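Accompanying notes for the structure given below.
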Amino acid sequence: SYIAVPRTRILATGGASHNKKILQVLSDVFNAPVYTIDTANSACLGSAYRAIHGLVAEMNVSLADVVKLAAEPRLAVTPTPGAEEV
């Protein structure tokens, strides 16, 4: 079984992130809230942030500082009460 560490959250991107039922299953299985981003081609964001980080790494800029510029993800669903017992 999977046990999420405190404050675990899932960030869903791509086509399935528009399907609330799929997001609810993810949330219930992992007992964690699921967030989405309202950005086109959001699945590419991780590599884009890493590329930016690579460009500014010599200036002692951390990846966390680069990602701070990102839009906040939107809460899509939370775990169904009691789902972890199933």
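How far is helix 20-30 tilted off the main Cα axis of the chain, in degrees rounded to 10, range 0 to 90?
90 degrees
Which residue fluctuates most in the GNM of the chain (Cα springs below 10 Å): LEU75, LEU55, LEU11?
In the Gaussian network model the winner is LEU55.
Using a 1.4 Å probe on the protein heavy atoms, what percent of the accessible area of region 10-77 belongs to carbon and sulfur?
On the way: 2800 of 4550 Å².
Accessible surface attributable to carbon and sulfur in region 10-77 totals 62 percent.
Given H placed on each backbone N at 1.01 Å, which residues far from VAL77 in sequence or on other chains put an amide H within less than 5 Å of it?
VAL34
Rounded to the nearest 10 Å², what accessible area does GLU85 have for a 1.4 Å probe in the complete protein model?
150 Å²
Please compute the per residue accessible area over region 10-77 with all protein chains in place, 1.4 Å probe, rounded to a whole number of Å². Let's see the in-between values first.
Values: 4550 Å² over 68 residues.
About 67 Å² of surface per residue is accessible.
For the chain, modelled as a Gaussian network with Cα springs under 10 Å, which listed residue fluctuates most, ALA57, ALA12, ALA76?
ALA57
The values are calculated or read from the model by the stated rules, or taken from the named source; none is laboratory data. As the structure is a prediction and not an experimental result, all values here were calculated from the model. Side chains included, ligands, DNA and RNA excluded: accessible areas come from the protein's heavy atoms. Shrake-Rupley method; radii C 1.70, N 1.55, O 1.52, S 1.80 Å.
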